[in-house]
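Colleague: Just passing along the structure, written as structure tokens.
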Amino acid sequence: MPLDVYLNIVASGLLTGLVYGLAALGLSVIFGVVRVVNFAHGEMMVAGMYGAVLLFAAFGLDPVLSAPLVAAVLFAFGYALQRGLVNRFVERPEHMQFILLLGVATILLNALLMIFGPDSRGVHVDYAFDAVEIGPLMLDAVRVHAGIGAVVVAAALFAFFRYSRTGKAIRACADNPLGARVVGLNLDGLYAFTFGIGAAVVGIAGTLMTLIVEVRPQAAPEYTLLSFIIVIVGGLGSLPGALLGGVLIGVTEALAGFLLVPSMKTLVSYAVLILILLLRPQGLLGRRS
Amino acid sequence: MTALLEVEGLSKRFRGLKAVSDVGFAVPQGAIVALIGPNGAGKTTTFNLIAGVFPPDEGSVRLQGRSIAGLKPHRVCAAGIGRTFQIVKPFGNLTVEENVVVGALARESAVEPARRLARAVLARLGLADQASRPARSLTLPDRKRLEVARALATRPTLLLLDEVLAGLRPTEVDRMVEVLRDLNRSEGLTILMIEHVMRAVMALSDHVVVLDHGEKIAEGKPDAIAADPRVIRSYLGTEAL
Amino acid sequence: MTRRGALLFVLFVAALLAVPLVADRYVVSVLTTVLWFAYVGQAWNVMMGFSGLLSLGHALYVGLGAYVSAALFVHFGIGPWLGLWAAMAVAVAAGAFIGFLGFRFGVRGVHFALLTIAFAEVARIAFDHLAWTGGSGGFFIPVDAAGGDDLLNLRGSPTLFYYVALGLTLGALALARVLLHSRLGYRWLAVREDAEAAEAVGVNLFAARMWAVMVSAALTAVGGVFQAFYFNTLFPEQVFAMGRSIEIILPAIVGGIGTLFGPILGAFILTPLGEGLTHAIALTGVDVPGLKLLFYGTALVVIVVFLPDGVWPWLAARLRLTRRPGEDDPS
């Protein structure tokens, strides 16, 4: 029944794509507010993955449960990074910000490499080989957990920006930094808070990701690029766009991995990116500037 | 005799909002024409439409009888229009002289003659002693002068000046007015200027065009315009005439 | 340049010419690497430093240059000096394609940088699957152990490659200087500083940017040809890696973006430091993967925080090598 096969591939790609989308959401939040492209995004994600691996190894903690702990640590890291380093680059030319965060990424990646070594590590939860059956679909339980986790965190993030006082203040900063300063908002503080949120979100995406794949430090740049691709496909600065882009790339990758050689699957994501840049540079849900 | 610049039925909308609507006027050869109006009247948009920053939705722009509407800015420059920007745009990390050399290279293909032309233009605008300073280190009046120098170096037949006097002290205004008058008289340079400094408009221009809410509401001799009730009304509460 | 600067430059070149006469193989090979990075950094600088176009995918042009010349040599026996032109042509075509797509469709800044990465990645995956050049298993240029120095086929001793690298670096320096003082060079700088103002004084933005990409791609491809014949082995995973693109841009950033001597100075700082660090790590006997790159990352952060314009403008002002800070040559 080829249709069932395709349905299953699409569904599992969709679930993975939700986690991708969550990671990209972190990037989008930072870019949308601080106007800085976080080149160290994949490295933060991998740091989150190692957090989950460590907590699982030490206490047998399920990645879904270790997510809040990892998020707290990464929030602190993101906050400090913005306060101590990135903040003084906010007004500098784009390429300088890029280079700064490239340096941060290189430091993080190689620190992780020195601590954990180049070999893959994984989390082996006891439901690793279970399947969830929904109609014609047979889905990996781990993927379902990860996908649901991503949706919950994304929903919490949307609610935070929509309803909380801080969330509204951050949105005001993003819309009009000067105006926000004029009405007495503490821009530096809110920027740092935002960077912290972005880091926490990608950290959670990392912990959820360990349910699906093993982690090695060298994968970090790929995750950075993946997040970039998703954000641009979905539309820079658009939060729903990031999730949509994630799902699109997740499904495309899954289909490409099935139909082509698996090693060619990233090629398809790049093809999607190039097409989007050419046909709709503002992204699927982005506004034309 | 046809005018140097003829603008007819010019219209431009941004997201449905009419920025300029059915504007028409002419700039005769050798004249100084002022474009005035309250903030948001569509003056700079009109400039940008002439200079090719974006194409008009409707209408025509002709320079020496040749249509230039919809041309890219560098083609408009090649056709003979030089412009300055309301918010000055110096090439900050280049020297003052290098800024003007870039302008001169619009007509010169070799660097040496361009440099000679640039030096002459700088001397004319009183910037010769600043030539080797980086442009970003200049004061605002000097930056405004640099804007004019860079545009002049492209050897335009028509110079578009966007508020080159705004933010200058009265003595600096007088100096700039003197330079512009001299360029007009001795070299026959035609000027179209957006200006808020009414004293300078009165002193310099042969003809004034008034815009309000994207439409032309009056035009004529400076004295007649100053007495025109429609013009006074459009300015009331925003600018003192 | 001041007299003092000119004198130092002549001494510097003389010292480089004399190196193989006095130094051992190891020093010559390290300096060959230094010169290669100086050369490729100069080529990248034409895009970023002169024209303000951030390319993070320059490994693409290195790789195309390397693979085209190596394939012509291995499959058809066409020597590198002839293959060079084909290599440049292919890289220019690739650069023109990326530039055309990017500039026509208004892809700017971060988006443009991403487009360059994307194309380098696409090339990496494509060459991984291209059997004609060995795919992911690698592509090898046969080494003739018996042969002496053969400049015509670029086969020979490290000294031969050293002098070729020195020639390339000095040639690129001279070319960059000529370009910077040409009409095109002035236009590039204007576009870098303010595109809208540049257009208003008659600069065709699209043409200026296309020229920058094409010149940079052609120069970089020559660096690729050198790499192919120097190392004799090519792996897509290494040649087209994003890390490679980063390595290429580091010297120019550390030395000073947009300056003529920045890429050279940057290469002379980074490569020996990296070598020294490798040795220091080897001496301690502990094998720590990543320590060297950790150091590079830290250096990068320290440089952009404390010397954002790079080391060259700072050094030149200190030693009074140029007449004003950041300036290479006030003619």
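The values are calculated or read from the model by the stated rules, or taken from the named source; none is laboratory data. Since this is a predicted model, take the numbers as computed values, not measurements. Cβ placement follows ideal geometry from the backbone for every residue including glycine, while neighbour counts extend to all protein chains displayed.
Colleague: How many residues, within region A:241-281, are buried (at least 18 other Cβ atoms within 10 Å of the Cβ), of a type outside the set (A, V, I, L, M) and within 10 Å of another protein chain (Cβ to nearest Cβ)?
Modeller: 5
Colleague: Answer yes or no as to whether C:Phe231 is away from every other protein chain (no Cβ under 12 Å) and of a type outside the set (Gly, Ala, Ser).
Modeller: yes
Colleague: Could you run through region A:187-219 and say how many residues are of a type in the set (A, V, I, L, M, F, W, C) and in contact with a His (Cβ under 9 Å, 6 or more places away or on another chain)?
Modeller: Looking only at that region, the number is 4.
Colleague: Got a number for residues in region B:40-84 being out of contact with any Lys or Arg (no Cβ under 9 Å at 6 or more places or on another chain) and not β-branched (Val, Ile, Thr)?
Modeller: Final tally of qualifying residues: 16.
Colleague: Looking at A:Ser164, is it polar (S, T, N, Q), more than 14 Å from chain C (Cβ to nearest Cβ) and within 17 Å of A:Pro63 (Cα to Cα)?
Modeller: no
Colleague: Shifting gears a bit: Being of a type outside the set (Phe, Trp, Tyr), more than 16 Å from C:Gln227 (Cβ to Cβ) and not in a helix (DSSP H, G or I) is true for just one of C:Leu152, C:Leu115. Which residue is that?
Modeller: The conditions single out C:Leu152.
Colleague: Is at least one residue of region C:279-295 within 29 Å of C:Gly167 (Cα to Cα) and away from chain A (no Cβ under 14 Å)?
Modeller: Yes, because at least one residue in region C:279-295 is within 29 Å of C:Gly167 (Cα to Cα) and away from chain A (no Cβ under 14 Å).
Colleague: Among the candidates C:Gly134, C:Gly102, single out the residue that is within 14 Å of chain A (Cβ to nearest Cβ) and at pLDDT 85 or above.
Modeller: Only one candidate passes the filter, namely C:Gly102.
Colleague: Right, something else. Could you check region B:1-33 and list, in sequence order, the residues that are in a loop (DSSP other than H, G, I, E, B) and exposed (fewer than 14 other Cβ atoms within 10 Å of the Cβ)?
Modeller: Passing the criteria: B:Met1, B:Thr2, B:Arg15, B:Gly16.
Colleague: While we're here: Can you spot a residue in region A:42-50 that is at pLDDT below 95 and under 20 Å from the mean Cα position of the chain (by Cα)?
Modeller: Within region A:42-50, the first condition is being at pLDDT below 95, and the residues that meet it are none.
No, because not a single residue in region A:42-50 is at pLDDT below 95 and under 20 Å from the mean Cα position of the chain (by Cα).
Colleague: Now for a separate question. When region A:117-143 is examined, which residues are found to be surrounded by 20 or more Cβ atoms within 10 Å (Cβ to Cβ) and either in a helix (DSSP H, G or I) or within 14 Å of chain C (Cβ to nearest Cβ) (or both)?
Modeller: Hits for region A:117-143 are A:Val142, A:Arg143.
Colleague: Can you name every residue in region B:218-233 that is touching a strand residue (DSSP E or B) at 6+ places or on another chain (Cβ under 6 Å) and more than 15 Å from B:Ala34 (Cβ to Cβ)?
Modeller: B:Arg230
Colleague: Name the residues in region A:67-115 that are at the interface with another protein chain (Cβ under 8 Å from one of its Cβ atoms), within 20 Å of the chain's Cα centre (by Cα) and among the small types (Gly, Ala, Ser), would you?
Modeller: A:Gly103, A:Ala105
Colleague: Tell me which residues, restricted to region C:296-311, are closer than 18 Å to A:Glu91 by Cβ and either more than 8 Å from chain A (Cβ to nearest Cβ) or surrounded by fewer than 17 Cβ atoms within 10 Å (Cβ to Cβ) (or both).
Modeller: C:Val305, C:Phe306, C:Leu307, C:Asp309
Colleague: Would you say A:Arg216 is closer than 30 Å to A:Pro68 by Cβ and within 14 Å of chain C (Cβ to nearest Cβ)?
Modeller: yes
Colleague: Further question on the same structure: Do we find a residue being over 30 Å from A:Asn110 (Cα atoms) and over 13 Å from the mean Cα position of the chain (by Cα) anywhere in region A:204-226?
Modeller: Among the residues of region A:204-226, not one is over 30 Å from A:Asn110 (Cα atoms) and over 13 Å from the mean Cα position of the chain (by Cα), which makes the answer no.
Colleague: Next up: Would you pick out the residues in region A:152-189 that are assigned to a helix (DSSP H, G or I) and among the polar types (S, T, N, Q)?
Modeller: Of everything in region A:152-189, just one residue is assigned to a helix (DSSP H, G or I) and among the polar types (S, T, N, Q), namely A:Thr166.
Colleague: Name the pairs whose Cβ atoms lie under 8 Å apart, with the first residue in region B:2-24 and touching a residue at least 40 places away in the same chain (Cβ under 8 Å), the second acidic (Asp, Glu) and not in a strand (DSSP E or B), and 6 or more positions between them or separate chains?
Modeller: Between residues of region B:2-24 that are touching a residue at least 40 places away in the same chain (Cβ under 8 Å) and residues that are acidic (Asp, Glu) and not in a strand (DSSP E or B), the close pairs are B:Ser11/B:Asp57; B:Lys12/B:Asp57; B:Arg13/B:Asp57.
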